Amino acid sequence: MIRALLASTAFLIAASPALADEVNPTLSLSASADVQVAPDYATVQSGVVTRAATAQQAMQDNARAMTAVFEALRRAGVTGNDVQTSQLSVTPVYADRSEPRQNQGQYEIIAYETRNTVTAKVRDTSRVGNAIDAMVSAGANNIQDVSFGAEDTSDAMDQARREAIASLLARAELFADAAGFELCGITRMGEDFARPAAPMMMARMDSASTPVAAGQLSVTATINADFCISDD
């Protein structure tokens, strides 16, 4: 269901006395419209964190686990350009820094940690939970983020723009009627840039099958304009 949530703010900018003979007073308004659309894909960031006595061993352990994760994604139908490595790092793990040490200039390295993160695009939002379960079962132990998006929000954005403009014009007429002045046109109109907002995501990692609610995306258009006020 598509619904619009309109929010408007307005303020009057009166011409300064020095410019009163040259510039008409101006009414400045801003209005927003929010249109809801269903997401058509989900992006899951997940990976494997391994720790070993040497950097080489940590990398080898991680590679084996990540190979299984990639295979699990393939079986879940997530392949090709929909799978991308987004992080790979090997870092030393130091001893507890609160403990006394003989060499005050160095900390003891006790292990090495490898992090490998993959970003997977799941095009069937009803199978996001299955994809997460498959990765975790294969060895993924670091679920970083789940977000939703839509391939094309242009129609929803245009609808939000129309609703925001309609609200803007209605507000302008309301101000003119309430304050007893006449509008003589629009001197400036612009749009604030906005991205589709991600919906809330529900996930419960201790269940047999992870439930994930796709919700809806909010596509928001904000239009602002200056109206000249007739002094007649």
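The values are calculated or read from the model by the stated rules, or taken from the named source; none is laboratory data. This one's a predicted model, so the numbers in the text were calculated from it and none came from an experiment. Cβ coordinates were reconstructed from backbone atoms using ideal geometry, including for glycine residues, and neighbour counts include every protein chain displayed. Calculation scope for accessible area: heavy atoms of the full protein, side chains included, ligands and nucleic acids excluded. Shrake-Rupley method; radii C 1.70, N 1.55, O 1.52, S 1.80 Å.
Tabulated results
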{"item": "Residue count, region 43-76 (criterion: assigned to a loop (DSSP other than H, G, I, E, B) and either free of Cβ contacts under 8 Å to residues at least 40 places away in the same chain or open to solvent by less than 60 Å² (accessible area, probe 1.4 Å) (or both))", "result": "1"}
{"item": "Within region 22-33, tally of residues that are surrounded by 20 or more Cβ atoms within 10 Å (Cβ to Cβ) and of a type outside the set (A, V, I, L, M, F, W, C)", "result": "1"}
{"item": "Residue within region 131-140 that is touching a strand residue (DSSP E or B) at 6+ places or on another chain (Cβ under 7 Å) and of a type in the set (D, E, K, R) present", "result": "no"}
{"item": "Filtered residues of region 165-185 (kept if open to solvent by less than 80 Å² (accessible area, probe 1.4 Å) and outside any helix (DSSP H, G or I))", "result": "GLY180, PHE181, LEU183, CYS184, GLY185"}
{"item": "Yes/no for ARG115 being modelled with pLDDT of 95 or more, under 24 Å from SER86 (Cβ atoms) and either open to solvent by 70 Å² or more (accessible area, probe 1.4 Å) or of a type in the set (Asp, Glu) (or both)", "result": "yes"}
{"item": "SER89 being in a strand (DSSP E or B), open to solvent by 30 Å² or more (accessible area, probe 1.4 Å) and closer than 16 Å to ASN141 by Cβ", "result": "yes"}
{"item": "Answer from ALA213, ALA194, ALA221, ALA225 - the residue that is surrounded by 15 or more Cβ atoms within 10 Å (Cβ to Cβ), at pLDDT 60 or above, of a type in the set (A, V, I, L, M) and not in a strand (DSSP E or B)", "result": "ALA194"}
